[in-house]
Amino acid sequence: MDIKLDQILFQIVNFGVVFGALTYFLYKPVVKMLDERAKKVVDAEKASNEALREREEAETLKSKTKSQAEKEAGKYLEKAKEQAATYKKELMQEAKDEVKAERDKAMKAWETEKASMAREMQKEFTLGVYTVAEKLLGKAVDKKAHADLIDKSLKELAKAL
Amino acid sequence: MSSLHISISAEPVAHVGSFVLTNSILTSLIVSTILIGFAMVAKMSLRSKGKPSRFQAFIELIVEGFRNLVRGIVESDHKVERFTPIIMAFFLFILVNNWFGLLPGVGTIGFLEGSEPKISGIQQVNASEPKADQGTENVASSENSEAPKFVPYLRAGTADLNTTIALALISVVLTQVYGFSAQKFSYFSKFINFSSPMNFAVGLLETVLEFAKIMSFAFRLFGNVFAGEVLLAVMMFLVPVIIPMPFYGMEIFVGFIQALVFSMLSLVFFNMATIGHHDEH
C-alpha cells in the first residue's frame, strides 16, 4: 500500500473541482429552480385561496341581494295585487253603475213606451168606443157629444142610485 | 491471459513530470469528467417553464432527494443548504467511482510491463511482500522473477487508499471548519479543556478520535471496494461465466451502501460539530 502525499493532494483537488462543478452547475440551479417553483406554487395557492374567498363573498352577496330582491319583489307583488284588487273593484263598480244606468235608461224608455202605448191603446179604445157608440146610436159622436153622453149617463146613474 | 491479477495499490500508467499518474487517478479523472459533464448537461437542460423533461425530473429527484435526506438529519434550513452540496458530491463521486470499477474492461484491459511474459497462472498469494517501487502484490506470478507484470489501464478510484484518504481528510477537515464557523473558539474546548481532569482526558480522546475518523473513513471505503474487486477477480478466475453475476449484483449494492455510509457519517459529523455541548442536551 503506497500512501503518497502528491496523489492525496491531487485527489483532494480533483474532488474539490468535482464538488465545485456539482454545486455550481447542478445543485444551485436546480435548487433555485425548485425554490422558484415552490414559490410559484405558494403564490398560485394564495391566489387560488383569494379567488375562492372572493367567490364565496360574491356568492354571499349574490344570495343576500337575491333574498333582498325577492323580498322587494314580494312587496311589489303584494302592492300590485292590492292595486289590482282595488282597480278590479272600481271597474266592477263602474260596470255595475253603467249596467244600472243602462237598465234605468231602458226601463225609462220602456215606461215611456208603455205609457205611450197605453195612451195609444186608450186612444184606440176610445176610438173603438166612439165607433161602437156611433154604431149603437146611429149617429156620429164627436167629442162634445161624447162628453154630453157621459154626463147624461152619469146623471141617470146618479138618479138610479 | 490465464492469470489472476490482484494489486493492493494503484499502479502507474503514465508519468506527468514527476507526478505519477496511476490507474486509479486516471479512473478518478474520467469519473470527475463524467460528473462535471453530467452537471453541465443538467444545467443546460433545466427548464423553469413548461413540462420538465424526464432527464430534468431525474435531476430534480436526485437533488431534492439529497435535500430531504439532509433535512431529515440536520433539521435546519441553513445547515441543509450548507451541507447538501458536499454530501451530494461525496455520494456521487464515491458511487460513480465504485460502480466504474465494475464496468467491463476496468481492471482487465491493460498492458504488460517488463520483459517477455512467461506467466503460468497462480503460484502464490503474497500480500506481505510489497514491491518497493510500486507496492504491488501480484497473485499471478511468473516462473521467473523478471516476468512482465500486467498493469490495467483503469482501476476503481476508491480502490486506492490515496483516494479514500483524500476523501476522509476532506470530510474531517470540513467537520472542523463547520464546527469552528458555528461555535467559534468554543469549538476547540471539545479538544482542549482544562476545567477538570476528566474533561481534559475526554478532550484528548476527542482529538485522537478525529484522527481515528480519517483512518476509519479511509480504510472502510478502501477495504470494502478493494475486497469486492478481489472477490470478483477470484470468482471470474475460477468460473468466468454465470457464477460472478450474483457477485456483481452484490458489488453494485455494496458500492451504493459504501457511498451512502461515507456520506451519512460525514453529514452526522458535520451536524455534531455545529452543535455545542449544551445544545446536545
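Here, each number is a calculation from the coordinates, and none is a lab measurement. Just so you know, these numbers come straight off a predicted model, no measurement behind them. Quick reminder, even Gly has a Cβ in these numbers, built from the backbone with ideal geometry, and neighbours come from all protein chains shown.
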Exercise for the section: List the residues whose amide H sits under 5 Å from the amide H of B:E113, counting only those 5 or more places along or on another chain, with H placed 1.01 Å from N in the peptide plane. Expected result: B:K149, B:F150, B:V151
Handout entry: Set of lysines with alpha-carbon distance to A:K155 below 27 Å, sequence-local pairs under 8 removed
Key = A:K123, A:K135, A:K139, A:K143, A:K144
Completion exercise
Rounded to two decimals, the Rg over Rh value of the protein assembly as shown from Cα coordinates and the Kirkwood Rh reads 1.91
Completion exercise
The alpha-carbon pair-distance distribution computed for the stretch A:7-160, with 5 angstrom bins and whole-percent values, is 2, 6, 5, 5, 5, 4, 4, 4, 4, 4, 4, 3, 3, 3, 3, 3, 3, 3, 3, 3, 3, 2, 2, 2, 2, 2, 2, 2, 2, 1, 1, 1, 1, 1, 1, 1, 0, 0
Handout entry: Long-range HN-HN contacts of B:D160 with modeled amide H, under 5 Å
Key = none
Handout entry: Nearest 10 degrees, 0 to 90: helix A:5-21 Cα axis against chain A principal axis
Key = 10
Fill in the blank from the handout: Cross-link reach from A:K71 to aspartates and glutamates, straight Cα distance under 19 Å and at least 8 residues apart if same chain, gives A:E59, A:E82
Completion exercise
Nearest 10, in degrees from 0 to 90: the angle of helix B:77-100 to the longest Cα principal axis of chain B is 10
Practice task
Would you mind putting B:56-67, A:99-110, A:127-138 in packing order, based on average other-beta-carbon counts within 10 Å, highest first?
Solution key: B:56-67, A:127-138, A:99-110
Fill in the blank from the handout: Here the stretch B:37-47 yields Karplus 3J(HN,Hα) values (6.51, -1.76, 1.60; θ = phi - 60°; whole Hz; Gly and Pro given as x) of x, 4, 5, 5, 4, 4, 5, 5, 8, 5, 10
Fill in the blank from the handout: In the protein assembly as shown, taking the dipole from +1 charges on Lys and Arg beta carbons and -1 charges on Asp and Glu beta carbons about the Cα centre, the listed residue (A:I3, B:L265, B:G101) farthest towards the positive end is B:L265
Exercise for the section: Round to the nearest 10 and give me the degree value, 0 to 90, for the angle of helix B:54-74's Cα axis relative to the longest principal axis of chain B. Expected result: 60
Completion exercise
Per the stretch B:12-280, sqrt(5λ) over the Cα gyration tensor eigenvalues, sorted largest first, in Å, gives 39, 27, 16
Handout entry: In sequence order, calculated HN-Hα J values of the stretch A:113-128 (Karplus, 6.51, -1.76, 1.60; Hz; x Gly/Pro)
Key = 4, 4, 4, 4, 5, 4, 4, 4, 5, 4, 4, 5, 4, 4, 4, x
Exercise for the section: Please go through the residue pairs A:K28/B:K213; A:K40/A:K64; A:K64/B:K49; A:K46/B:K51 and name each one whose alpha carbons sit more than 32 Å apart in this structure. Expected result: A:K40/A:K64; A:K64/B:K49
Practice task
Post the alpha-carbon centroid distance, the stretch A:4-76 to the stretch B:193-237, in whole angstrom.
Solution key: 44
